[in-house]
1. If I filter the range 66-94 down to residues being surrounded by 17 or more Cβ atoms within 10 Å (Cβ to Cβ) and in contact with a Ser or Thr (Cβ under 8 Å, 6 or more places away or on another chain), which single residue comes out as farthest from Ser248 (Cα to Cα)?
2. Starting from the range 310-335, keep only residues that are at positive phi, then list their pairs with residues that are part of a helix (DSSP H, G or I) whose Cβ atoms are within a distance under 6 Å, requiring at least 6 positions of separation or different chains.
3. Suppose we filter the range 34-78 for residues that are basic (Lys, Arg) and touching a Pro at 6+ places or on another chain (Cβ under 9 Å); how many remain?
4. When you look at Met352, is it surrounded by 10 or more Cβ atoms within 10 Å (Cβ to Cβ), at pLDDT 60 or above and not assigned by TED's automatic domain parsing to the domain that holds Tyr183, yes or no?
5. Among the listed residues Ser299, Ser248, which satisfies the condition of being touching a helix residue (DSSP H, G or I) at 6+ places or on another chain (Cβ under 7 Å), among the polar types (S, T, N, Q) and without any contact (Cβ under 8 Å) to a residue 40 or more places away in the chain?
6. I need the full set of residues from the range 154-190 which are part of a strand (DSSP E or B) and more than 40 Å from the chain's Cα centre (by Cα), in order please.
7. Pick from the range 43-78 the residues that are modelled with pLDDT of 85 or more and among the charged types (D, E, K, R): which of them is farthest from Gln201 (Cα to Cα)?
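The values are calculated or read from the model by the stated rules, or taken from the named source; none is laboratory data. Here the structure is a predicted model, which means the values were calculated and not measured. Positions of Cβ are generated from backbone atoms using ideal geometry, with glycine treated the same way; all protein chains shown enter the neighbour counts.
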Amino acid sequence: AVQIFDVLKRAGSKHEFSAGLLIGGKDFKQEQVHILGMNILVSTPGRLLQHLEQTYGLNVENLQILILDEADRLLDMGFKATLDYILSYLPKNRQTLLFSATQTKSVSALARLSMRSPEYLAVHTSDQAKADRMPSTLKQHYMIVPHADKLDIVYSFIKSHLKTKTIIFVSTVKQVKYMWEMYRRLHPGVSVMSIHGRMSQQKRIMVFQLFHQRPSALLITTDLSARGLDFKKVDWVIHFDCPDSKESYIHRAGRTARYHKKGVSLLLLDPSESKMATKLKEAGLPLKKVKANSSQLQSMSSRFASFLAEDPALKYTAQRALVSFIRCVHLAKDKEVFNVEKISLDDLAKGMGLATTPKMKTLQPSHHNKKNQDYALINMMKASKEEKKQKTVDKTEKLLKRKNAVLWSEQAERMRPIEEDDENLLIKKKGKAAIESIAPEWTEEELSRMSRKERARAKRRMRAMREANQEEIQEEHKKQEKDDESSDEDEDEDEDEDSEDQEEFEPKPFPSKAEMEAERKNYVKLAKTRIFEGDEDDREVWKQKLKQKRLRKREREREQSKQPEQMMVFLDGDSQNEDDIEQQDEDEDESKSIDENEDDDSQQYDASSEEKPEPKRKRRRLGSVPVSGESLEDEEELALKLLGE
């Protein structure tokens, strides 16, 4: 877009029309101000769509001509959604022009642009041979090189072509970063630059202009630079990775031999990718096979390995570059040319300086071929998965396998009576958590269904229960013998007692699972009722404590009310209220101020005068004056006396 706008400025310098450039990285608000008065707009698809959606007052109903440069690329899936939105804003009555070196003839693509019976115009006539479609000044070569040796071949080429301008095309952005970093550290004697899609627009323009200014330079880039960029005086184009199609090769090679200038295109192919050369020849592209000069080859794998050993970040970049390249080959459509299995990954990793090959998900066996498997094998796989999922039979087994399971709360344990029968309960403690469960007697069928660990655990439980029962029986027999020796009763009675004792000491049969489950449910119910009763008891205690607290508070208030308070007797002899207390404080302040003024006046007397000042009156507090008068007049006189008037 920048180059087209520069040509437009030069061509329209002597014409009266206005034109604008809309690209990313510029001030959007400033573009909105000037876009409304333009006759011609040169824009990228994303920026144009942004203005159509957000710029107020932009009217395109009077549009007459729509031009799409690199039309086959814009009509591709990558720009399909953006282009469809743009076309929805434009009028259908317009002239549409498509430009591309590899023009599309798809009916569906042209129908999207509202084109009916379009006319195709080409530079070459139909009578010319297919070989003459490329510029006659372009020399096209290809070389069979393994992937592991490509870096050495390219470095040797750079060292032998220091006064030329070269562009190297690779498949992925991560490869661009890795190769730029490696060749930059080797200091080949020429400027090494890179352009890829992860760079900002401003930085790409800066690198592009810098590459134009240098008489000799090396540019490593992706297919982003294969279209729409007019590189001047490019001598060599090296296809480091095989292009995915004929069109991609044409656009890459078109960066050199522009406008009657000479150029060379060199395609590096792995032995597994040799079919691409035959396909390009069949398409009318005259490629010649060449071989590298073995005397000028330089092996740089050891230098690469030393760089990766010194810088872990660079090693990570190399691993990502290798993985991204393998993924790109794996996702390529033409499987006759691109086959991951034919690539020697170990040799490729060593050629890049890596000691080992990184792990890649793309090389793992896929599970998409299950439809051709035998049904018996599929059923066996499903059965094995179900057995793994069904590790626990019932809830008790699940509880036993939990590491931090707590069956009963601490409150329930505290409320549990000591006399409760625990003969049929096996308590298994794990730290603070206690799991109470019943150890049943499993049958052989049940044991066979269990896994190895579960079977071993069950057998240990059964063995422990049997040993415990045997110990109890032995203790009871010992007690019985002692009782027989000490007894002085008749033999008949002893025999009867022995028979009764034996009946008592016989081990009880272990309960079944149903009995154990019922016993467990009963125990849970009892525990819940005890917890509920305990909560009710706690509520009653709390209520009693609250009542006692209220009673104590009331008694305390009564005692405080009974205690004699320092009440001031006022004129009528009644108790003083809050208003009287405030008035009394104010009177006290006034009396103090009066006393102080009187003291000052008494001190300032004439020394020549024989009369001495009257002695200071001792004033009493208002509340301490006894009340003698009963009428209002008496009270007024008493108040005047107190005030000293």
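1. The residue in question is Leu66.
2. Here the result reads none, with nothing in the range 310-335 linked to a residue that is part of a helix (DSSP H, G or I).
3. Filtering the range 34-78 down to residues basic (Lys, Arg) leaves 47, 73.
Filter again for touching a Pro at 6+ places or on another chain (Cβ under 9 Å), leaving none.
Number of matching residues: 0.
4. On the way: surrounded by 10 or more Cβ atoms within 10 Å (Cβ to Cβ): yes; at pLDDT 60 or above: yes; not assigned by TED's automatic domain parsing to the domain that holds Tyr183: no.
For Met352, the condition - surrounded by 10 or more Cβ atoms within 10 Å (Cβ to Cβ), at pLDDT 60 or above and not assigned by TED's automatic domain parsing to the domain that holds Tyr183 - is not met.
5. Values: Ser299 fails: without any contact (Cβ under 8 Å) to a residue 40 or more places away in the chain.
After applying the criteria, what remains is Ser248.
6. Quick first cut of the range 154-190, residues part of a strand (DSSP E or B) only: 165-169.
If the condition is that a residue be part of a strand (DSSP E or B) and more than 40 Å from the chain's Cα centre (by Cα), then Lys165, Thr166 are the ones that fit.
7. Our first condition is that a residue be modelled with pLDDT of 85 or more; within the range 43-78, this holds for 43-69.
Next, only the ones that are among the charged types (D, E, K, R) stay: 47, 53, 61, 69.
Working: Arg47: 12, Glu53: 22, Glu61: 30, Asp69: 19 Å.
Filtering first and then ranking leaves Glu61.
Conditions tested, residue by residue: (1) outside any strand (DSSP E or B); (2) over 34 Å from the mean Cα position of the chain (by Cα); (3) not charged (D, E, K, R); (4) not assigned by TED's automatic domain parsing to the domain that holds Met182.
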| position | (1), (2), (3), (4) |
| --- | --- |
| Met206 | yes, yes, yes, no |
| Leu210 | yes, yes, yes, no |
| Leu224 | yes, no, yes, no |
| Leu229 | yes, yes, yes, no |
| Lys233 | yes, yes, no, no |
